[in-house]
Every structure is written in C-alpha cells, then in structure tokens.
Amino acid sequence: MPPTDQSLPHIEGLYRQYGGPLLLFAISICGESSRAQDAVHQVFLKLIETDRLKSALDPKAYLFASVRNALLNDQKSRQRHVPIDADRLWFTPPDRDHAAEENLRRALQSLPDDQRQVVVLHIWGELTFSQVAEILSISANTAASRYRYALTKLREAMLVKENSNA
C-alpha cells in the first residue's frame, strides 16, 4: 500500500531522529560505511513504498531490526566479513581524545559480535534491553548479560591500554 501524504513527514522525522544511530548500528554489523548507508536507505525507501511502519508496535525497534535484517541478508549473499572502519563517527565530543577513541574502537572491535551489537544498540541506539532483545531475537535477560560481559571486557581492555601508556 503506497504511503499517504501524511506519512511521509513522519518517515522523514524518523530518519532525522534515528538515521545516525541506525548507521552506527549498521556499521557495527557490516564494518563498511557504504554498505551500512545503503542498508539504512533501503529500509527507509521500503517504508516510503509500503508504509509498513503503521503496523509496528515499536517503530524504533522495528527500524533497528529492519536494518539488521537487511544487512544479514546482504552478508549472506556476499559471504565475507569486513572489519569496522576505524575512521567512522562513533564519538563527537568537543574536546576529542583521538587516542582514547581509537582505543575504545579497538576494544569494541575485539568484542564478540553478539556483545558488540548489544552495546551499540543500547548505547548509541538508546534502546532498552527489551527492544534490543526483540531486535536480536534473544531474551531481555540475555541482552542485559551480554551488555554486562561486554562492559567488563571493555573496562579491562581500556585499563590495560591506560596502564601500558603510563
């Protein structure tokens, strides 16, 4: 069903609100900015064409799940893994500490995929563990556990790096 004139501003608003976090999430999955951008844009194009968002109980979670599914389908067809590009916009503080950013990016990259996805969804996507669980098809308790394990590993990795620089 084609969208109504009223739904296009709503979809545009969702793109403006969630486009950045969706892109970061997509990059965390595929590691390639251009593929991530394509996936995010394809999701929104499909929304414009079909207006399926009206039937979604949680539009934010629906968008993240749609981007994840688009990328997983793309990865299946490509059958290859590309590491995360370290020069993407993960952080934008006014007084950037590039060395700390790079250390955190490396620490994030070293996490298992399932833990990294939970961290990115929860922190950058600003999703609850229930929403993360829905997107990743796991329980909310599993999402929370993966998050705790990931934070422990990130803390350890960052402490090791700080101590080696001291």
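The values are calculated or read from the model by the stated rules, or taken from the named source; none is laboratory data. Fair warning: this is a prediction, and the values are worked out from it, not measured in the lab. In this analysis, Cβ positions are derived from the backbone assuming ideal geometry, glycine residues included, and neighbour counts consider all displayed protein chains.
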Problem - Subset of the range 15-59 (residues that are at pLDDT below 90, over 15 Å from the mean Cα position of the chain (by Cα) and buried (at least 19 other Cβ atoms within 10 Å of the Cβ)) - result: Leu47, Leu53
Exercise for the section: Could you tell me whether any residue of the range 113-123 is surrounded by fewer than 18 Cβ atoms within 10 Å (Cβ to Cβ), at pLDDT 90 or above, assigned to a helix (DSSP H, G or I) and in contact with a Leu (Cβ under 8 Å, 6 or more places away or on another chain)? Expected result: yes
Practice task
Can you tell me which residue within the range 134-149, out of those that are of a type in the set (A, V, I, L, M) and at pLDDT 95 or above, is surrounded by the most Cβ atoms within 10 Å (Cβ to Cβ)?
Solution key: Ala143
